[in-house]
Amino acid sequence: MKVHARIVAASRGARWLGEGWQLFRPAPFGWLALSCVYLLATNVLALIPVVGVMAALILVPPLTLGMMAAARAASAGAAPRLAMLTEGLRTQARAQLALGLVYLGCSMLIFAAMAAVDGAGGLREAMSGRSPSAEADLGALALPIAVFALLYLPVSMMFWFSPPLVAWHAIGAPRALFFSFVACLLNWRAFLAYGASVALMMVAIPGLMLLALRVLFAVDLRMSTLALVFPILVLMLPTLFASFYASYRDVFGAERGDAV
């Protein structure tokens, strides 16, 4: 099957998050249930040493497709259902799991690279449960975080569109990874605008709200963070998943019969 990627304007990328919110808003409880099951499934699996973490990483592409399937249904006016979360395991399951294996391999390589540059041990301390509070600890994490950002960018480009390309366009995993990477590269302006809007909503706005609470009411920042930021993140997670579908719909077009 032929796959054609559109090049969209940067302004479209800035709207994807808003379109994700529009898909979330009519059925928030259904979306929140899907997000909670997604997080619960992956986190419970990750509690199993070694094998569980690997299984959770393999399931990331098919579960992401499930969230995008819920967004596709919402785009057509239907309510999201928990059964949609398993669409990746029911539609082109072998190819979806192949994507998962590639995602696992990429994740292991990235983690190995981060560990290799973790000379100060900041990453090991953070992963052991000790949160870095001192300036030196934050500095020790800077290089591993920079390596993660640099290496994960091309990985995210390969996997941004590949699950729906495999499921809804019936192409193999290698071609889907290639087409996804190229589509993201061609639309770098739109993704730059999308990234800026996500950073604004998830970092800048909560940060300014916390600063205002601190200045006006001298509240404890830790308690304010739990009371304010956590609910925002819970609401933003399904919006983010829905925005993935909004970007797919813009770049690759909706399937026949889907709402645009």
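The values are calculated or read from the model by the stated rules, or taken from the named source; none is laboratory data. All figures in this text were calculated on a predicted structure; none of them were measured in a lab. Positions of Cβ are backbone-derived with ideal geometry, glycine not excepted, and every protein chain shown enters the neighbour counts. Heavy atoms of the whole protein, side chains included, go into the accessibility calculation; ligands, DNA and RNA do not. Shrake-Rupley method; radii C 1.70, N 1.55, O 1.52, S 1.80 Å.
Miscellaneous remarks
- Test: residue in the range 77-90 that is among the aliphatic types (A, V, I, L, M), in contact with a Lys or Arg (Cβ under 6 Å, 6 or more places away or on another chain), open to solvent by less than 60 Å² (accessible area, probe 1.4 Å) and not in a loop (DSSP other than H, G, I, E, B): no
- Verdict on V203 being modelled with pLDDT under 95 and surrounded by 17 or more Cβ atoms within 10 Å (Cβ to Cβ): no
- First in the range 173-188 and under 21 Å from A9 (Cβ atoms), second anywhere and exposed (fewer than 15 other Cβ atoms within 10 Å of the Cβ) and of a type in the set (F, W, Y), Cβ under 9 Å, 6 or more apart: none
- A single entry from G52, G20, G66 fulfils the requirement of being open to solvent by less than 30 Å² (accessible area, probe 1.4 Å) and touching a residue at least 40 places away in the same chain (Cβ under 8 Å): G20.
- Residue match in the range 23-40 (condition: among the charged types (D, E, K, R) and open to solvent by less than 60 Å² (accessible area, probe 1.4 Å)): no
- Of all residues in the range 4-17, those that are open to solvent by 90 Å² or more (accessible area, probe 1.4 Å) and within 20 Å of S162 (Cα to Cα) total 3.
- Test: residue in the range 41-52 that is within 18 Å of the chain's Cα centre (by Cα), under 30 Å from R25 (Cβ atoms) and either at pLDDT 90 or above or hydrophobic (A, V, I, L, M, F, W, C) (or both): yes
- Residue match in the range 106-122 (condition: outside any helix (DSSP H, G or I), of a type outside the set (A, V, I, L, M, F, W, C) and either modelled with pLDDT of 70 or more or closer than 30 Å to A70 by Cα (or both)): yes
- Hey, G105 without any contact (Cβ under 8 Å) to a residue 40 or more places away in the chain and touching an Asp or Glu at 6+ places or on another chain (Cβ under 8 Å) or not: no
- Selection count where residues are outside any helix (DSSP H, G or I) and surrounded by fewer than 22 Cβ atoms within 10 Å (Cβ to Cβ), scope the range 91-105: 1
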